[in-house]
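*Asks:* Below: one structure in structure tokens.
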Amino acid sequence: MTDQTSETAPQAAPQPGPLYPGAPPPQPPKPLPQLLAYMFAATVVGLTQGLGMSFITVTIQQIAGPLKATTAEASWLMAAYLAPNACLTLLLFKVRQQFGIRHFAEVSIIVYVLINLGHLWVDSFQTALIVRFFAGIAAAPMTSISILYMLEGLPREKKMSIGLSGGMTVMLASTPLAGVIAPYLFDHGGFRSLYICEIGMALLSLALIFRLPLVSGERVKVISRADLISFSFLALGMGAITVALSLGRIYWWTEVRWTGALLILGVVALMIMAIIELNREEPLLDIRWLTSAEIIHFTGALMVFRLILSEQSTGVRSFFIMLGLSNEQFVGLYTVILVATVAAGVTCAVILKPGRVALMHGIALVLLIIGSWLDSHATSMSRPQDMFLSQILIAFASGLFMPAAMMVGFIAALKRGPNYILSFIIVFVTTQRLGAIIGSALFGSFVTWREQVHSAALVQSLTPDNPLVAERMRQLSGAYASTISDGVIRTAEGAAALARQTTQQAYVLAYDDAFRFTTLLALLALVVLILDVAFEKWESARMRAQAEGLPA
């Protein structure tokens, strides 16, 4: 920012300090070509990290085969990646403060490239699991580096609008982009082509980071032995909970004991960490602030929104896979989601201001209500193109909500002091990572429960004396007339086909119930938002009236 002088005071106004200890001091805006170069670097680095996880998510069924693993076993690849990734942001923020942003970025990208090169030697499920664990560690700094590049060179007043909107858009765009390009890559080289793409993106990020260095601030020694002790318990707790939530619905919660044991271990470890932090003079996390009404309200809003977004991130894809569709048939759907996400990011960058956050959140919730309600009318004949409109609305809502929510939390932390930035970052990252995992777990569990309910109801109506059932059985059995001459076997095959169709219809009804549930959840969130805004206006009016009534 340039210095400003006052007409009455010859001294220049003091420059604002860095946002937090170790942050670079305010810099003059960069020329437009250089600014665009840094934003391009931010996009590449952010997509490099996002694609690394999203490739596994959108091709989990195809990857399982070459690795000689079941789909349930392949799901451990996601858990192994997320377990360290979900908690490392906390420690890495302090590492960045102590060793400088530039060195932090350069070392991080070198480690990331080396870990990704290890994918070339993956030839079994066991080696893939080990490499994905270390990939999750190496990828943890990439999100923050991407955001730092997006903020680099922007005027301070634009960092909260253009910077945050651009950073969040890159994060949200990685999954639909992976859905668009993964089928092509998989068809031209199998799962190794996905790894080669990751390596190529990592090498491009390496070149950009060394060619466009970040400005480092003053190094501040902030890491202590007590920090490492607290972080150890945090990592253990977050890792255990992440694994349990990622795999609980797949192995089913009550069928295996280790999911409950992991949840207990995670809660106990986090409680020990909280006790340590509450008794420190300079805690790693301000637990009291994190448990204040303001932050609980903020965290709750983020978690609810992530639960609603599980309709798109988990529900729609799982629905079509249940109907037997392949990845190639999702390309059009992911394309429109990607376009809507980018459009929302551009819109948010233009209109985002502190006074408009409530309105933007309200619009986002309305779009979510409409989109989820449209999806709740899906049938077994539905195809991805039938959900283009609904998914465009949901993707646009996501792009509006996330930057505005991050700005609210960032401003709230700055009001308390620069040191609270760290606590806010861990809140935001945790709600996003764990919120996505919890949303997927709850959505999948809800669908499984409702499928059992609908299956029981449908089976009760499939009695042999029902003429419609008998007629359908004859039709299904007749389909095997050209290949099976034995009438008894044909009848058995027809009964099996009817059972499969019944199960599929039960799942369709279950997904419709889940889509309706997200609709109701979004509607409830909108009502709470309206009441909250109304209460704030009433409270402001009351305080203003009291102030005017006081004697001068």
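*Asks:* Quick test for you: out of A244, A269, pick the one residue that is at pLDDT 75 or above, within 30 Å of R416 (Cα to Cα) and surrounded by 15 or more Cβ atoms within 10 Å (Cβ to Cβ).
*Replies:* Result of the check over A244, A269: A269.
*Asks:* Specify the residue that is surrounded by the fewest Cβ atoms within 10 Å (Cβ to Cβ); the eligible residues are those in the stretch 512-524 that are under 21 Å from the mean Cα position of the chain (by Cα) and under 19 Å from M322 (Cα atoms).
*Replies:* F515
*Asks:* Of all the residues that make up the stretch 385-420, how many are over 22 Å from the mean Cα position of the chain (by Cα) and within 29 Å of Y507 (Cβ to Cβ)?
*Replies:* 2
*Asks:* I would also like to ask the following. Can you name every residue in the stretch 330-348 that is under 20 Å from the mean Cα position of the chain (by Cα), among the small types (G, A, S) and more than 21 Å from A525 (Cα to Cα)?
*Replies:* A340, A343, G345 - these are the residues of the stretch 330-348 that are under 20 Å from the mean Cα position of the chain (by Cα), among the small types (G, A, S) and more than 21 Å from A525 (Cα to Cα).
*Asks:* Please specify each residue of the stretch 373-392 satisfying the condition of being hydrophobic (A, V, I, L, M, F, W, C), in contact with a helix residue (DSSP H, G or I) (Cβ under 9 Å, 6 or more places away or on another chain) and closer than 23 Å to T502 by Cβ.
*Replies:* Passing the criteria: only A378.
*Asks:* Further, regarding this structure: State whether one or more residues within the stretch 210-227 are more than 12 Å from L47 (Cβ to Cβ), under 19 Å from the mean Cα position of the chain (by Cα) and in contact (Cβ under 8 Å) with a residue 40 or more places away in the chain.
*Replies:* no
*Asks:* Does S376 satisfy being under 21 Å from the mean Cα position of the chain (by Cα) and either of a type in the set (D, E) or farther than 17 Å from L172 by Cα (or both)?
*Replies:* So S376 does not fit the description; no.
To keep it simple, each residue is scored yes or no on (1) at pLDDT below 75; (2) over 25 Å from T347 (Cα atoms).
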position: Q391; (1), (2): no, no
position: G409; (1), (2): no, no
position: K415; (1), (2): yes, yes
position: L422; (1), (2): yes, yes
position: I425; (1), (2): yes, no
position: V447; (1), (2): no, yes
position: V453; (1), (2): no, yes
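*Asks:* Residues that are crowded, with 18+ Cβ neighbours inside 10 Å, modelled with pLDDT under 85, of a type in the set (F, W, Y) and within 19 Å of L82 (Cβ to Cβ): does the stretch 226-235 have at least one?
*Replies:* Yes, some residue in the stretch 226-235 is crowded, with 18+ Cβ neighbours inside 10 Å, modelled with pLDDT under 85, of a type in the set (F, W, Y) and within 19 Å of L82 (Cβ to Cβ).
*Asks:* Scan (1) at pLDDT below 80; (2) in contact with a Leu (Cβ under 8 Å, 6 or more places away or on another chain); (3) of a type in the set (V, I, T) for the single condition I110 breaks and write down its number.
*Replies:* (1)
*Asks:* Filter the stretch 157-171 down to residues that are surrounded by fewer than 24 Cβ atoms within 10 Å (Cβ to Cβ) and in contact (Cβ under 8 Å) with a residue 24 or more places away in the chain and give me whichever is farthest from I145 (Cα to Cα).
*Replies:* This residue is S161.
*Asks:* Further question: Scan the stretch 59-75 for residues that are closer than 18 Å to S318 by Cα and more than 18 Å from the chain's Cα centre (by Cα) and report the count.
*Replies:* 9
*Asks:* Of all residues in the stretch 57-107, how many are surrounded by 19 or more Cβ atoms within 10 Å (Cβ to Cβ), modelled with pLDDT of 75 or more and touching a Leu at 6+ places or on another chain (Cβ under 8 Å)?
*Replies:* Selection size over the stretch 57-107: 8.
*Asks:* If you check A202 against the conditions, is it within 20 Å of the chain's Cα centre (by Cα), in a helix (DSSP H, G or I) and not assigned by TED's automatic domain parsing to the domain that holds A436?
*Replies:* Considered against the rule, which asks whether it is within 20 Å of the chain's Cα centre (by Cα), in a helix (DSSP H, G or I) and not assigned by TED's automatic domain parsing to the domain that holds A436, A202 comes out as no.
The values are calculated or read from the model by the stated rules, or taken from the named source; none is laboratory data. The shown structure was predicted, so the numbers you read here are calculated from the model rather than taken from an experiment. Glycine also receives a Cβ, built like all others from the backbone with ideal geometry; neighbour counts cover every protein chain displayed.
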